[in-house]
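The values are calculated or read from the model by the stated rules, or taken from the named source; none is laboratory data. Computed from a prediction, not measured in an experiment: that's the story for all the values here. Positions of Cβ are generated from backbone atoms using ideal geometry, with glycine treated the same way; all protein chains shown enter the neighbour counts. Quick note on the areas: whole protein, heavy atoms, side chains included, nothing else; ligands and nucleic acids left out. Shrake-Rupley method; radii C 1.70, N 1.55, O 1.52, S 1.80 Å.
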Amino acid sequence: MKPFLPTVLAAALAAALALPAAAADNMANMKGMPMGKPDAAKTGHATGVVTGVDAKMAMVTIKHGAIPSVGWPAMTMSFKATPATLLKGVKAGDKVAFTVKVKGQDNEVTALRKQ
Ligand SMILES: [Cu+2]
């Protein structure tokens, strides 16, 4: 047994030293996994017409124009409003200018004002 001990210790030490690097690699790989590519948050500015507000869920549905900076065509879609207070006094039919932050599949309205 005795002759093996230094080898075992050396192996354990090598494994311990290698661990931080391996963990960092895993983190890097994990980051892009859900969307298949690493996604940085993008911000776009647009105008549209509110078609619905769910104040309880802090959701607003907006029929908006194209938002080239985030790669979106014109469409009607629902956004989470952050903070929810952005939706105070906002109702269907309002024309609004808004800022949207998009990261992967997630998006939220971070600024909104009536026009
Ligand atoms: Cu959209």
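Given the criteria away from the ligand (no atom under 16 Å from the Cβ) and at pLDDT 90 or above, does residue 49 qualify?
Working: away from the ligand (no atom under 16 Å from the Cβ): no; at pLDDT 90 or above: yes.
In short, no.
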Scanning region 82-106 for residues that are under 18 Å from residue 64 (Cα atoms) and of a type in the set (A, V, I, L, M, F, W, C) gives 86, 87, 90, 92, 96, 97, 98, 100, 102
Going by what's in this entry, would residue 77 be described as without any contact (Cβ under 8 Å) to a residue 40 or more places away in the chain and within 9 Å of the ligand (Cβ to nearest atom)? yes
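For every residue, the table says whether it meets (1) open to solvent by 30 Å² or more (accessible area, probe 1.4 Å); (2) more than 13 Å from the ligand (Cβ to nearest atom).
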| residue | (1), (2) |
| --- | --- |
| 72 | yes, no |
| 89 | yes, yes |
| 92 | yes, yes |
| 95 | yes, yes |
| 102 | no, no |
